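Engineer: This structure is in structure tokens; I'll ask about it shortly.
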Ligand code: SAH
């Protein structure tokens, strides 16, 4: 299953108003969120610009739109959450994107991370295991006019061997350890960022495939994510 949108996020992104009304009533709130994230240590201007462009309120259930620019994870249904924007920013920065990459994302969820990545990479392939979330994410990305993200339904811990190798991989759910198939699908020089470790508290890690083929591992900090399930993740509770 796959879908494509109709165009990259353009100047009208976030414009949910009719003629005469303000273009985006959340513009100020979104700027405030980005300023807090910058003060928190995210320096990459391209990442900050992408966060300033993506209308996070349009990727949340309607009743939560007014909370979209809080630095918080929020429920999106099916027991899942949209990741907090500061961790999305930190993970995106850690991927070191320059604009030419093909990125694999595991855990589409609300599609917020995917929409942010759409501004920073050539192409994003995102995998979601829960059917209702995958179809809602596709619709949301279409509504935003994002054209360079493909959403697949399936177990992302197996990766997408036929679409790889990938310049960057981001895992947005917490697994016991990094799925080996994902490391195998990392291109030379490629980075994989994700949370791994026990349920309840994981270490955000970056794996880099050196040109020699060797994998280098760095620890970026402690975090807390919903479960990564599947063949190379947790058995669903
Ligand atoms: N990137 C998302 C984060 C959503 S939370 C966002 O920006 O909103 C993590 C998501 O990972 C959930 O939607 C969950 O269903 C999904 N997930 C968990 N295990 C998965 C797997 N094996 N393959 C694909 N998606 C998975």
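Engineer: Within segment 96-105, restricting attention to residues that are within 13 Å of the ligand (Cβ to nearest atom) and either outside any strand (DSSP E or B) or more than 8 Å from the chain's Cα centre (by Cα) (or both), which residue is surrounded by the fewest Cβ atoms within 10 Å (Cβ to Cβ)?
Structural biologist: Restricting to residues being within 13 Å of the ligand (Cβ to nearest atom) and either outside any strand (DSSP E or B) or more than 8 Å from the chain's Cα centre (by Cα) (or both), the top hit is 103.
Engineer: Among the residues that make up segment 140-161, is at least one of them within 17 Å of residue 93 (Cβ to Cβ) and more than 13 Å from the ligand (Cβ to nearest atom)? Write out each step before concluding.
Structural biologist: First pass over segment 140-161, keeping only residues within 17 Å of residue 93 (Cβ to Cβ): none.
Among the residues of segment 140-161, not one is within 17 Å of residue 93 (Cβ to Cβ) and more than 13 Å from the ligand (Cβ to nearest atom), which makes the answer no.
Engineer: Additional query: I'd like to know if segment 189-197 contains one or more residues that are at pLDDT 95 or above, assigned to a loop (DSSP other than H, G, I, E, B) and closer than 19 Å to residue 54 by Cα.
Structural biologist: Checked segment 189-197: no residue is at pLDDT 95 or above, assigned to a loop (DSSP other than H, G, I, E, B) and closer than 19 Å to residue 54 by Cα.
Engineer: Looking only at segment 134-159, count how many residues are farther than 18 Å from residue 68 by Cα and in a helix (DSSP H, G or I).
Structural biologist: So the count comes out to 8.
Engineer: Further, regarding this structure: Taking segment 66-95, which residues are buried (at least 18 other Cβ atoms within 10 Å of the Cβ) and more than 14 Å from the ligand (Cβ to nearest atom)?
Structural biologist: Within segment 66-95, 69, 93, 94 qualify.
Engineer: Say whether the condition of being surrounded by fewer than 16 Cβ atoms within 10 Å (Cβ to Cβ) and at pLDDT below 95 is met by at least one residue in segment 50-61.
Structural biologist: yes
Engineer: Can you name every residue in segment 111-137 that is under 9 Å from the mean Cα position of the chain (by Cα) and over 19 Å from residue 162 (Cβ atoms)? Break it down stepwise before answering.
Structural biologist: Keep residues of segment 111-137 that are under 9 Å from the mean Cα position of the chain (by Cα), which gives 111-117, 126.
Within segment 111-137, 111, 112, 113, 114, 115, 116, 117 qualify.
Engineer: How about segment 74-99: which of its residues are touching a strand residue (DSSP E or B) at 6+ places or on another chain (Cβ under 8 Å) and farther than 22 Å from residue 58 by Cβ?
Structural biologist: 90, 94, 95, 96, 97
The values are calculated or read from the model by the stated rules, or taken from the named source; none is laboratory data. Fair warning: this is a prediction, and the values are worked out from it, not measured in the lab. So basically every Cβ, Gly included, is an ideal-geometry build from the backbone, and we count neighbours across all protein chains shown.
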